[in-house]
Amino acid sequence: MLFNTKAIVLSAIKYSDADLIVKCYTQKGLKSYLLKRILKSKKGKLKTAYFQPLTQLELIAKHNSKGNLNFIREAKISYPYHSIGIQITKQTITLFLSEVLSKSIREEETNAHLFEFLETALIWLDTHDRVSNFHLLFLLELTKHLGFYPEKKDENALFFDLEEGCFTNSIPRKNVVTGENLIHLKALLGINFEG
């Protein structure tokens, strides 16, 4: 069955001499696609350049109900980046984030909030110049969607317990954030993309 969906490229791996296996996070969840002969074809509808890390695409794809690999019939860029492709800092951030997302997103079912967050955050990265802490904030916000965002209750406590994910005044035995790192964590918890 053919589906029309937006997608964000997480990774692309060369398979045999001419094929790619591409992992994308789509509006329909996490999907993997086999792109046959894409590395050898010069006249096909699909271009290798479309499958760079965190590229935003619109796909017409065949999703199999039985197998893990799906097939893309057509692809086009849904949001063309203006600065990510030419600024080394932003390129580095996108490579890092694509690796993190590729390893951390496992759900194959639809999650509209996660997809919208990824789409919006990447557009924000492309359209803003001051992005030195973007990756930190992105990862922190991503934890909301993955289910382990830090508990912000008792923000004035002296410690942050990493195992429990909360602020505390009692000294945890290990995995604790204190001192200057705690100040930075509290500051980071107060930042948003609009700031």
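Quick notes on this structure:
- Sorting 168-176, 139-147 by average packing, meaning the other beta carbons within 10 Å per residue, from highest down gives 139-147, 168-176.
- Cross-link reach is defined here as a Cα-Cα straight distance under 14 Å, omitting same-chain residues fewer than 8 places apart; for K31 the aspartates and glutamates meeting it are E58, E107, E108, E109.
- M1-N156 FRET efficiency (beta carbon distance; Förster radius 41 Å; 0.05 resolution): 0.15
- Mean residue ellipticity (222 nm) of the chain, computed from DSSP H runs ≥ 4 via -39,500 (n - 2.57), nearest 500: -9500 deg cm²/dmol
- Probing with 1.4 Å while keeping every protein chain in the model, the per residue accessible area of the chain equals 61 Å².
- Label-to-label distance for L95 and T120 is 2.9 nm, based on points extended 7 Å past Cα in the beta-carbon direction.
- Number of Lys-Lys pairs in region 43-195 with C-alpha atoms under 13 Å apart and a separation of 8 or more places or on different chains: 5.
- Cα gyration tensor shape of region 1-61, rounded if a/c is under 1.5, else prolate or oblate by comparing a/b with b/c: prolate
- The chain - percent relative contact order, Cα under 8 Å, separation 6 or more: 16
- Global form of region 78-133, assessed from the alpha-carbon gyration tensor, a/c cut-off 1.5: prolate
- Shown here: Rg/Rh (Cα atoms, Kirkwood Rh), derived from the displayed model; of the candidates (1) 0.99; (2) 1.05; (3) 1.01, it corresponds to (2).
- Highest to lowest packing among 99-111, 49-61, scored as the average C-beta count within 10 Å: 49-61, 99-111
- Distance from region 1-39 to region 134-160 (C-alpha centre basis), Å: 31
- Inter-label distance for L39 and S65, nm, one decimal - labels placed 7 Å from Cα along Cα-to-Cβ: 3.4
- Relative packing of 179-188, 154-163, which averages over residues the other C-beta atoms within 10 Å, highest first: 154-163, 179-188
The values are calculated or read from the model by the stated rules, or taken from the named source; none is laboratory data. These numbers were taken from a predicted model, which means no experiment stands behind them. Here the Cβ is made from the backbone with ideal geometry for all residues, glycine too, and neighbour counts use every protein chain on show. In case anyone asks, the SASA skips ligands and DNA or RNA and just uses the protein heavy atoms, side chains included. Shrake-Rupley method; radii C 1.70, N 1.55, O 1.52, S 1.80 Å.
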